[in-house]
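Contents: one structure, followed by commentary.
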Amino acid sequence: MRTHSLLFIISCILGCSAEFYVIDDRVGLGREFDGIGGLSGGGATSRLLVNYEEPYRSQILDFLFKVFTCASLHILKVEIGGDAQTTDGTEPSHMHSKDEANFFRGYEWWLMREAKKRNPNIKLIGLPWAFPRWVGEGTQWPYFFPNVTADYVVTWIYGAKQHHNLDIDYIGIWNENKYDPVYIKVLRDTLDSVGYTNVGIIAADGDWSIAAAMLENPYLNDAVEVIGVHYPGTKTVEEALLTEKKLWSSEDYSTFNDDIGAGCWARILNQNNVNGRMTSTISWNLIASYYENLSFGGDGLMTAKEPWSGHYLVESPIWMTAHTTQFTQPGWFYLQTVGNLAHGGSYVALIDRQGNLTIVIETMTHNHSQCIRPPLPHFDVSPQKATFQLKGSFAHLTDLQVWYSKLDFETKKDALFQRSSPVKVYNGSFTLRLDVDEVYTITTVNTGQRGSYPEPPKSRPFPKNYSDDFTVDNPPFSEAPYFADQTGVFEYFRNSTDNGSHAFTLWQVVTERPLVCLLIIYLDVSCAVLIETPITGGVFLAARVDQGGESVREAKGVFYWIYANGTYKVTNDIGNICICCTLNGSLLSIHYVFVLKCASLGLQGYFAMGLLNGYPLWKNAVVLEPKNSWAALGTLSFEYAQFDHFETKENPE
């Protein structure tokens, strides 16, 4: 008795302060796990990735998609391009007009193919952020013509299959816009009528309000497979649970990919299920592969914004992803025994049909896990001891694999996705000492690995001297390297009527909305231009443009405008406000609109000058702000225009 008492006292010293958590499948399974994903698009967020040279481009893709290697994403969601600015740029539509279709524009097709190479089971989702104007037949509301809109979306699914051998698994309706029950039903009927019965509809990619409507409308309820919400703050609503539909955080995160971003991502991957019973979380965005000065620069699970250097960064959110994705797959099931830890943090447990078990534990603190939205209520997390009691099918286990991460905000020496010694299970239980800002994966799966490649090249700025004559006979992508369309769509073009120096040009092709079209590169600029609208057309060259993305219409800089009526103008913003109105003039022959002319914009210190075919039209315009930023070219409105022999070069000050 005395020996037993001593053992009991020692046991209490070591373990009585631990909180107990039961992992048990005898009480039944929870919801089916649908996977963790990333979102390419929603504003041209993968734009620069396609311009990386090998082997760096393939390495980046491996970090994102290769099974059992790094992030090992289960889902890839892409924007169905709509020829419109949607956050960080414009993605081209597969149908600029109702009379044509081209399934090789843009880079989302390529990205989906590459993802499938690395994970044949990856789920693919398409969602429109915008529609070409013709879809709404001249209105601002595509739901007025549900059959036209549904046909447009289904044509994209058809193109994915017929031209790229890609099966689309889910389709959305219209990003963060009001849903229309009639359109959703028409979309479902259209999908079914052409044999796409396996393509599920996600709605409404906004808030939870569609759930209440689904409970009242059986036709709407039958049409929707997944209720998708954006930035739910890990919470759901009762109406959504009552539908018994799949519940997804179909866009989440949107946070800088530093360690706080990693804390945000680790926390919501668990708590979206623990608190909200959601079974999928999709990151906006997949990869920060756009110019950092644009909206939400530096978001993404990793960073690849320097194709000219080959430099990229594998950020800590990649490894937070791996804690779940490498040890689960869609089709696994959450156990009902998931929950919050007594002293802060959470745990989830999932199993597959072969009896594999994965437990993911996170202890992210409030200040180190704030997402950009929504606001995070205060909570406390402290070091703790947790004992997990394995029951049911898991009672026989004797050891489990362990993967560990620690976000160390004091020493800045993170431990990211490290394999630890297996944990021993005694009498069906094991105990962990949990510190703050940690993630543990405890699993029967033994295939995990921390993939790596040699260090990529060092970071370096965009070249001070750069040129492109757009001479590519069979371009792999429709966009020219390093250009980032901000409004309008600029594509490679082969001019069959010109066999000379302008046989290949960059062509602005969207003509249906009177909005300014802009591309972005760096430094002072010269370019040959062709205005194809002989009465009202116009083009511009610009330098020191201070912003793009969603704020492109408020951009400041130096804009050199050339008009089809033979005049020119210089403004300090994109809204046609003159820097010096006396610079207007009629020195140009109207004949220039029919041939490419060379326009040049030069800046030195606080002064700017403009030339046409080497002739100085104006000089000594005073430019105080901004002092440096992008160079740009574009059109007066949505109209055809061609550009060639683009060049930037350093102008020493």
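Beta carbons closer than 8 Å, at least 6 apart along the sequence or on distinct chains, pair a first residue in region 419-431 that is among the small types (Gly, Ala, Ser) with a second that is outside any strand (DSSP E or B) for Gly428/Lys391; Gly428/Phe394; Gly428/Ala395; Gly428/Leu397. Test Ile372 against the criterion of being assigned to a strand (DSSP E or B), farther than 16 Å from Phe409 by Cβ, of a type in the set (A, V, I, L, M) and outside the structural domain of Asn285 (by TED's automatic domain parsing), and give yes or no. For Ile372, the condition - assigned to a strand (DSSP E or B), farther than 16 Å from Phe409 by Cβ, of a type in the set (A, V, I, L, M) and outside the structural domain of Asn285 (by TED's automatic domain parsing) - is not met. For region 128-138, the criterion of a residue being surrounded by 20 or more Cβ atoms within 10 Å (Cβ to Cβ), assigned by TED's automatic domain parsing to the domain that holds Thr45, over 20 Å from the mean Cα position of the chain (by Cα) and part of a helix (DSSP H, G or I) is satisfied by at least one position. Scanning region 342-359 for residues that are farther than 15 Å from Phe394 by Cβ, buried (at least 19 other Cβ atoms within 10 Å of the Cβ) and not polar (S, T, N, Q), we see that the one that is nearest to the chain's Cα centre (by Cα) is Gly345. Only one entry in Ile60, Ile122 is touching a Leu at 6+ places or on another chain (Cβ under 6 Å), more than 19 Å from Thr487 (Cβ to Cβ) and of a type in the set (A, V, I, L, M, F, W, C), namely Ile122.
The C-beta contact set for region 309-320 (first residue in contact (Cβ under 8 Å) with a residue 40 or more places away in the chain, second residue crowded, with 24+ Cβ neighbours inside 10 Å and assigned to a strand (DSSP E or B), distance under 7 angstrom, 6+ apart or interchain) comprises Tyr312/Ala304; Met320/Val439. Among the residues examined, Phe388 does not qualify as touching an Asp or Glu at 6+ places or on another chain (Cβ under 9 Å), closer than 24 Å to Gly448 by Cβ and either crowded, with 16+ Cβ neighbours inside 10 Å or in the same structural domain as Asn270 (by TED's automatic domain parsing) (or both). Asp380 satisfies every condition listed in (1) in a loop (DSSP other than H, G, I, E, B); (2) buried (at least 16 other Cβ atoms within 10 Å of the Cβ) except (2).
Conditions tested, residue by residue: (1) surrounded by 19 or more Cβ atoms within 10 Å (Cβ to Cβ); (2) of a type in the set (Asp, Glu); (3) modelled with pLDDT of 85 or more.
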| site | (1), (2), (3) |
| --- | --- |
| Leu596 | yes, no, no |
| Ser600 | yes, no, yes |
| Leu611 | no, no, yes |
| Gly614 | no, no, no |
| Lys619 | no, no, no |
| Val623 | yes, no, no |
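For region 126-146, the criterion of being farther than 29 Å from Ser193 by Cα and either among the hydrophobic types (A, V, I, L, M, F, W, C) or touching a residue at least 12 places away in the same chain (Cβ under 8 Å) (or both) is met by no residue. Being touching a Cys at 6+ places or on another chain (Cβ under 6 Å) and modelled with pLDDT of 95 or more, is that true of even one residue in region 265-283? Within region 265-283 (the criterion being touching a Cys at 6+ places or on another chain (Cβ under 6 Å) and modelled with pLDDT of 95 or more), the answer is no, since none of the residues qualifies. For region 293-338, residues that are closer than 30 Å to Asp25 by Cβ, in contact with an Asp or Glu (Cβ under 7 Å, 6 or more places away or on another chain) and modelled with pLDDT under 95 total 1. Applying the condition of being hydrophobic (A, V, I, L, M, F, W, C) and surrounded by fewer than 22 Cβ atoms within 10 Å (Cβ to Cβ) to region 85-111 and asking which residue is farthest from Thr155 (Cα to Cα) yields Trp110.
Among the residues of region 420-443 satisfying the criterion of being of a type in the set (Ser, Thr, Tyr) and farther than 15 Å from Lys391 by Cβ, which is surrounded by the most Cβ atoms within 10 Å (Cβ to Cβ)? Among them, the one singled out is Thr441.
With respect to Ala503, determine if the residue is among the aliphatic types (A, V, I, L, M) and within 27 Å of the chain's Cα centre (by Cα).
For Ala503, the condition - among the aliphatic types (A, V, I, L, M) and within 27 Å of the chain's Cα centre (by Cα) - is not met.
Pairs are defined by a Cβ separation below 9 Å, a sequence spacing of at least 6 or placement on different chains, a first member in region 235-246 that is under 10 Å from Arg277 (Cα atoms), and a second member that is in a loop (DSSP other than H, G, I, E, B) and among the polar types (S, T, N, Q); the pairs so defined are Lys235/Asn275; Thr236/Asn275; Lys246/Thr279.
The values are calculated or read from the model by the stated rules, or taken from the named source; none is laboratory data. What you see is a predicted model; the values in this text were computed from it and never measured. With ideal geometry, Cβ positions are generated from the backbone for all residues, glycine too; neighbour counts draw on all protein chains shown.
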